[in-house]
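Asker: Dumping the structure here so I can ask a few things about it.
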Amino acid sequence: MKKELIKTNFFEAVNGEWLDQAVIPGDQPSISAFLELHLGIEKTLMDLTSTWEKDPSNLNDNLKKFIILYQMTKDFDKRNELGTKPFEVILNKINKLTSLKELDQAFVDLTLESIETPFGFAVMQDFMNSNNQVLYFGASNLFLPDTSYYKDEKTKAQMIGLFSQSTKQLLTLFGFSEEESTKLLSDALAFDELLVPVTKSSVEKADYVKMYNPLTKEEVLKLTTNFNLIKHAETLVKQPIDQLIITNLDFINAFDNIINDNNFELIKSWMIISNVFRFSSDLTDEIRVAGGAFRRALSGTKEAQSKEKFAFYQAYNRFSQIVGLYYGENYFGPVAKQDVKTMVFEMIDVYKERITNNTWLNEKTKEKAIKKLSTLTVHVGYPDELPPYYNQFEIKGYEQGSDLIQEKLAVTRILTEYDFNKYNKAPNKNIWGMPASMVNAYYSPTNNQIVFPAAILQRPYYSLDQTPSENYGGIGAVMAHEISHAFDNNGAKFDETGSLNNWWTESDLEAFNQKAKDMITLFDGVETGFGPCNGTLTVSENIADSGGLRCALEASRKGNHHSLDEFFQNWARVWRNKSSLQYSQLLLRVDVHGPSILRANMQLSNLPEFQEFYQVSSEDKMYLPKEKMVSIW
Ligand SMILES: [Zn+2]
């Protein structure tokens, strides 16, 4: 530890040596505690995969399918031999469209195979009634990762230049002539430009309750006279609908102005380019490398993944929950699962106690908050149930005349049909949104549920070899962070059943909103060394970090071997991170999580216990005056 830095930059004091030595892998934009665990698991899973490949006889059916797909993805000789031929089936589907009417007629088929169209449907839980699933409608993403890139002319020109360059290269590899590529690109960019004013920024999307805008069937019919949107919706869900949930009203209000015959050529070119990108990973090695060039440039990643890694992920991503379950059962196991579950419930109990002792909430609101905590469901390690669709997957292999695009279309059809069949039915809350092998955790506001995959339950987050205080500063704070999402600016709007429902008294809600504003102010504009933090974009995560840290600290204090030093150090350790400048700057624009250095430092400055323990005073950079501290949970 660099002790001399404790009061000026705690993040660096703790992580200085690591920062000096850490090397960002060539195929990554950054290295962090998260990513180090990820790389370890990656190695485990890739080794497992090659063992399985040698003798798949003892594997379950779905793992066998994973291996067959893996043998396809890693056979680059075959992929090179097939060239772009497998893509012809997609290109023909788009090229044969000559009018908006024909796109309209083909729309359901394209949707079922997830071929990119400028707008589409998804079935998700109903915010108003989390026990039902309804149909959402929204537009596709822009070519650049956020609307803010389009606002400043210089940045826009530079980014569109990068995008154009890599797209042209990709189109050439797909066999388009110079003239064709130029036209496709200029059309597609013109269409992208039409979407910019009706697309939400990352900051707007972070307030996800605003994505819920129900319109009646009649209202939608009036706004979309150029397209049979409602008819397609009803075909996809196989029943009459009376409403659609619109994720972005600006887009549907402008629908007929954008989606019309005059713009058909632009739409068609946009579809060709979007699908060239979408399927670039399923063809030759040269094409998959070119297909990732823009993303790498955006994030400052030096090189493409090795063929071996890429082939592994291409198969793994399709079977992630299957491989993840194997990982969870064999590398985590039922004993650890029970152990960690106990720890989560301990954190929930501390949270309840903190709510009970809270000084700014009325009793009525406290009761509701405790009810929400009492009904919170917890999943740890690996799921008890997997999505049923894996059993339907069939992987044919090259021997049967298949190729990676045919496989993708077949699997996608199963997935989209599964999704649309969920319409108007209760969700299965036992299905996880992440594989057990993913280094992450989440809170689902519509399920009022937290999920901790096995992968994150390792050092420095959690280890039996670490002291209890270190574990509290690591996984304890992550657990309480996820619990806090039930009470961040988004989660607080949902009740204990996971439905949007105001359970706050008026004055408490006002007080909470004021505290959320204070949290925005605390982080907004704070310099990171690569640009200022956006307080509004990151408010929900900052509230969760702040609540998580306070709750974990209290849990640690209750234990027998409480050490503030160990607790604070491990908190800073889990946020160690070294990123390319481009990646750091990209995240400042699009990531709802604050920059790691602030997650470590600002959250600690905002804690009286930290200031007292290290005797931080007003001359120190880690100092924050008491009146500026924001404590919510
Ligand atoms: Zn979070």
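Asker: So, by mean Cβ neighbours within 10 angstrom, what's the order for 587-597, 546-556, 41-51 with the highest one leading?
Answerer: Highest to lowest by the protection proxy: 546-556, 587-597, 41-51.
Asker: Let me ask you something else. Give me the distance in nm between label points sitting 7 Å out from Cα along the Cα-to-Cβ direction at Val526 and Tyr389, one decimal.
Answerer: 4.0 nm
Asker: Counting Lys and Arg as +1 and Asp and Glu as -1, what is the net charge of the other residues whose Cβ lies under 15 Å from the Cβ of Leu185?
Answerer: Taking every Cβ under 15 Å from that of Leu185, the sum is -4.
Asker: Could you state how much accessible area Lys352 has, in square angstrom rounded to the nearest 10, with a 1.4 Å probe and all protein chains kept in place?
Answerer: 60 Å²
Asker: Could you check how much of the accessible area of the chain is carbon and sulfur, as a whole percent, using a 1.4 Å probe?
Answerer: Looking at the chain in its full context, I get 49 percent from C and S.
Asker: Before I look further, what does the chain give for accessible area per residue, probe 1.4 Å, in whole square angstrom?
Answerer: 42 Å²
Asker: Now a separate question. So which lysines pass the test for Lys493, namely a Cα distance under 20 Å, with those fewer than 8 places away in the same chain ruled out?
Answerer: Lys205, Lys210, Lys352, Lys364, Lys366, Lys368, Lys371, Lys372, Lys429, Lys515, Lys517
Asker: At a Förster radius of 30 Å, what calculated FRET efficiency corresponds to the Cβ-Cβ distance of Ser177 and Thr51, to the nearest 0.05?
Answerer: 0.05
Asker: Now for a different question. Quick one: which of Lys200/Lys302; Lys151/Lys578; Lys341/Lys558; Lys96/Lys422 span more than 21 angstrom between C-alpha atoms?
Answerer: Over 21 Å apart, Cα to Cα: Lys200/Lys302; Lys151/Lys578; Lys96/Lys422.
Asker: On to the next question. Take the Cα of Lys371, step 7 Å along the line toward its Cβ, and report every residue of segment 122-139 whose backbone nitrogen sits under 18 Å from that point.
Answerer: Residues passing the 18 Å test: 128-131.
The values are calculated or read from the model by the stated rules, or taken from the named source; none is laboratory data. Quick caveat: nothing in here was measured; it's all calculated off a predicted structure. Here the Cβ is made from the backbone with ideal geometry for all residues, glycine too, and neighbour counts use every protein chain on show. To get the accessible areas, we keep the full protein, side chains included, count just its heavy atoms, and leave off ligands, DNA and RNA. Shrake-Rupley method; radii C 1.70, N 1.55, O 1.52, S 1.80 Å.
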